[in-house]
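Derivation of every value follows stated rules applied to the coordinates shown; laboratory data play no part. Quick caveat: nothing in here was measured; it's all calculated off a predicted structure. When we count neighbours, we look across all protein chains shown, and the Cβ atoms used for this are built from the backbone with ideal geometry, even at glycine.
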Amino acid sequence: MRLVDINVDRFGVLKNASLEDLSPGMTVVYGGNGSGKTTLVSFLRGLLFGYTTDHQGFQVDDSHFGGNVSLKSQGRSLRLSRECNHGISSDLSTKDLASSVAVTTHATQLAPWINETVHQEIFSVGYQEAARFDLLTRLCLDGEGATGNEEEMRRTELAISECVREREGDGVQHGLRQKMADVQRQRDDLRGRLAEMRRVDPTIPPRIAELELQLKRLAAFLAEVEQKITDCEAQIRQLEEVLEQLRRRNVVTLDRRAIEERINSLSQRQQRWASIRESVQRELSGIDGRRSISGSSTDSLTSVRALVARLEQRMDSLLKDGTLQATSATGVNRDLFIEHLRSEVFSLCEHVSHHEAAVQSHEASLESLLAERTLHDADNVDAVIQGQIDALKEELVCSENVLDRDVRSVLTCDSHSHAEFFRPSQRTVHGSVEEIEAQLITLRRRLSDLHRERQSTVDQVRQLEVELAELRLKLKATARLEDIDRVKMQIAQLDAEFELLQQRYNVQQTTEANLRTVLERLRNYRNPGVLELASEYVDRLTDGDCHQLIADSTNSHILAETRQSSHPQKLQQLSRGTRDLAALALRLALIQCRAEDAERCPLILDDVFITADDDAAEAAADLLMDVAADGQQIIFFTCQKDVRELFARRDASVRYLNERPAVAPRVAEVPQPVISAPTPPPVVQPAPKPAPTSDHTNWLFYLEVDNSVEDLSGLTVAEVEAFRASDIETIDELLTMSVDELEARFRQRGYSISRDRIRAWRGQAELASQIPMLRRSDAELLYAAGIQSTVELSRMRPETVFDVVTTFQDTQAGSRFRRSSRSIDRQQAINWSRWSQHSRSLSEARRSRSRFFVGSGDSDSSGRGFDRSSSRLRSRRARISESGTVVRKQRRPSLSTEARRKRDDRQNRRRQRMTRHSSSYRTTKQSNDTDTDTDRELKFYLNRSDDVEAAPSIGPKTAQRLARVGIYTVDDLLNAHATDVADRLDNRRISADTILEWQGQARMVCLVPGLRGHDAQILVACGVTEPEQLAAKRAADLFAIVGPFADTSEGERIVRGGRKPDLEEVTDWISWAQNSRSLSAAA
């Protein structure tokens, strides 16, 4: 906690007093006796912990008093206020200055050990508190000797366990070791696969030749079989024709069809009996298996009956004789009886099982006998049916022969006139119908054999063709370079991944070793206690006279070892000066030791601990300055000029608390205490005269309505040309015209500018011209983030502004603001919210000007304005001057020698802090010194002012399309919104992602020296879009990505038959990226 401002409305002699801009280190408040120093200390104590009757005693006639203080605590600016009305103290009111919102919690964040008593005795010390040691002793001896490193040790142990978990895994997720093993196994598998792909089996080519020869032989054999099948089918057709001819010629009185039907019927009966016979045979084979069980059922049944009878006799004899009751008394006889009975039962079960097996065997014998008889009958029936069939066939054959002889005898004629009717037929029929049918049966059997042989040959051919295809595929696979390259790419990726994992593993090991070293040091470190630190302080203050402060044996008192005494002395036994110095040393040591656990509380000293001894006073002043430089705020009230000069010589901040008469048009009768910066002796000045009426403001506005439109942030060259061609010269003209009017004027001049872009210009101009201290680039960022009016900004909390803007910067549309180094912090959002509370209206912006405003013609450096607009701007300024507004540059007030010296000291201290805490500032400064030489040595192949056709991936046709939407140069392309351009182009091949790729390629060529267009295309396609990202890459890692991409179809399209990038070229890219320039330098 650090006090910033103290404002006392009314408390004792203090009325409307203030103490502002307190130093975070040492502040000395000088005032004479009765000026209110002790009153101010009491006011601070009462404001923090509540007003009591002690504070009421400071008031004489007024029962109302109070005030407020401004402080900074944990990065927040707070205001604490408390009042007391008629003896009743109000609650402490805490308000956040950034958001102007009341804080409900106790925001002072004092350490838990600091209560009102501790604050009075330790942190707001007067003469009475300096002489008391009871509470100071208890606090100094409390917790003496503790290390104070438990929290650091706990965090270190957690960090070590986290390193071990990431390296070894936690049982659920694999660690780096397991991942490395997996990657190495995959790499070994791929290497084995690559070796197999490169290895050619020497037996494959001879086997392929052998299979091709076998296929040729099988094809010839298959052709022969096909020919045989064709011939056989032709013979069958010929015989069938002959048979049909014979059947047509056999016209007899016998019913041949009936005989054939009878034969078919008998054949079907024969087949049914054959099936019955097969079924009986199968059943008979099953019965024979069951007949294998031997035994007689009659013998088994007799044995069972005998056993049952014997058991009945034994049970009857036992029951009649009473043997069972007699044997129950003795366990031995009873067990013997039960054993005999169990053996009889077992025998009975065995004979029963034999009897069942014998019965089954007997049944199987009966079934077998019946089946054999049925089979015999079936054979007899089959023989009878076969005889009937043979008889019918014989009858049919005999009838055919008879009919054949009859026909030949009937149709024969010896007359020569009928000889022409008995010419022999061209087709000679040999044999009878039965013979032809027999031949048909033989041919059909042969045909079926040929078909089977052909099918077997076809199957064999197919099998050989499959084997031949597999061998050819293997031979082809071993010769495909694309597959080999693909496996090589995978191996290279795994090598890069393994190397990264190995690096992470080594880093984890190194980190763990360092953490264990730190943990060991923390365990061995013993934090110096309060008494040890106080001993160093008191030895320094007394120049060795009192060199040690220790606790007594009961740990209840503090003893001091001095040169004058051989035994330790109590603090009360020391001299007053030494005792005061010891009290100061103990308080400072206690505050320093306890400050490590909580936020520091300001130390207020009311003219104590500084004695008349010059050496002791200087030593005390030096110690207080050192403690203040270490981060402890100290406010020292004194009425001694020599003490004031003592601290002034050590560059402490000195404030004066003097009684001065109030200066007013009427001389005030009652003097009022005033707190102010050091000034010469008070001089009564005359009352100020009323200031003349003027329309100017003391606020600084970075954009006035008289400024040129070229002063807007983010304008491209094409947009500037559009403004010039449209005769829109000033911000006032831009804000006066509507969006529709501006768009129509641009179109009349041949420029296509979207309405959203015009609204963005107007929004930026309104924000920058109405909100003081707001830069134009910040106005552009706010409007793009969605904060489009001053009213909207003024109603938003700083936290909301910060969240909205940072969220927008993380998006794709807001990324260009981060690349332009416009990343904001919370303080910037707080400033924007504060400045928006003092905004002016647009009419006030037209009527008034800032005192710091310099018109376009008032400075020699106004060359960036329009040449043709000078007359119009001059006439506008003339009209403003006639209305009473004078615009001129304000002269900087001259500084005195003392003020100039303090200003130089502040600048030197600020420069030292920046040098000490910002290494990047020195790097940037050094790099800026060498930018000119670097740009002179390295060649850039693209500038922002070049035609858009010079950018990578953009040809003449694409450049014409982009020109139709207002993109003529590379700068226009880089500043364009990708989605907006894609929508306006309305080309299905050009999407927003394509525009983003073009922008990334153009940006890389603009910023990286030596980088050509196809190099940027490859880098952007591989995900490298920023010079910083390229400069941070390792050459091996980048080549592991670029090399495989160059082998793809897309990479070959980019290279276009040229040389693919190798490791040396990739290394050059990285070295060039380390010498990249800023985008503003690429004009």
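Some notes on this structure:
- Ranked for footprinting exposure by Cβ neighbours inside 10 Å, fewest first, Asp810, Asp142 give Asp810, Asp142.
- Taking amide H as placed 1.01 Å from N in the peptide plane, the amide H of Gly169 sits under 5 Å from that of Gly175, Leu176, each at least 5 places away or on another chain.
- Out-of-range pairs (alpha-carbon distance over 29 Å; input Lys179/Lys1033; Lys179/Lys474; Lys95/Lys902; Lys474/Lys1033): Lys179/Lys474; Lys95/Lys902; Lys474/Lys1033
- Prolate/oblate/rounded call for region 738-853, Cα gyration tensor, a/c under 1.5 rounded: oblate
- Filter on Lys228/Lys393; Lys37/Lys641; Lys15/Lys37 - keep pairs with C-alpha separation over 22 Å: Lys228/Lys393
- Region 505-564, Rg to Rh (Cα coordinates; Rh as Kirkwood inverse mean 1/r): 1.35
- For region 24-35, the Karplus equation 6.51 cos²θ - 1.76 cosθ + 1.60, evaluated at θ = phi - 60°, returns couplings of x, x, 9, 10, 10, 9, 9, x, x, 5, x, 7 Hz by residue, with Gly and Pro reported as x.
- Remark on Ser124: its backbone amide H falls under 5 Å from those of Ile604, a criterion applied only to residues 5 or more positions apart or on other chains, H modelled at 1.01 Å from N.
- Each residue of region 992-1003 was assigned a 3J(HN,Hα) from its phi angle through the Karplus curve 6.51 cos²θ - 1.76 cosθ + 1.60 (θ = phi - 60°); the sequence is 5, 5, 5, 4, 5, 5, 4, 5, x, 5, 5, 5 Hz, with glycine and proline shown as x.
- Partners for Lys1060 among aspartates and glutamates (Cα-Cα distance below 18 Å; same-chain residues under 8 apart left out): Glu482, Asp485, Asp1015, Asp1037, Asp1047, Glu1050, Glu1052, Asp1068
- Calculated P(r) tail over 14 Å for region 1000-1068, as whole % of Cα pairs: 54
- Gain upon complete extension [Arg256, Glu741; 0.36 nm per residue less C-alpha separation]: 163.3 nm
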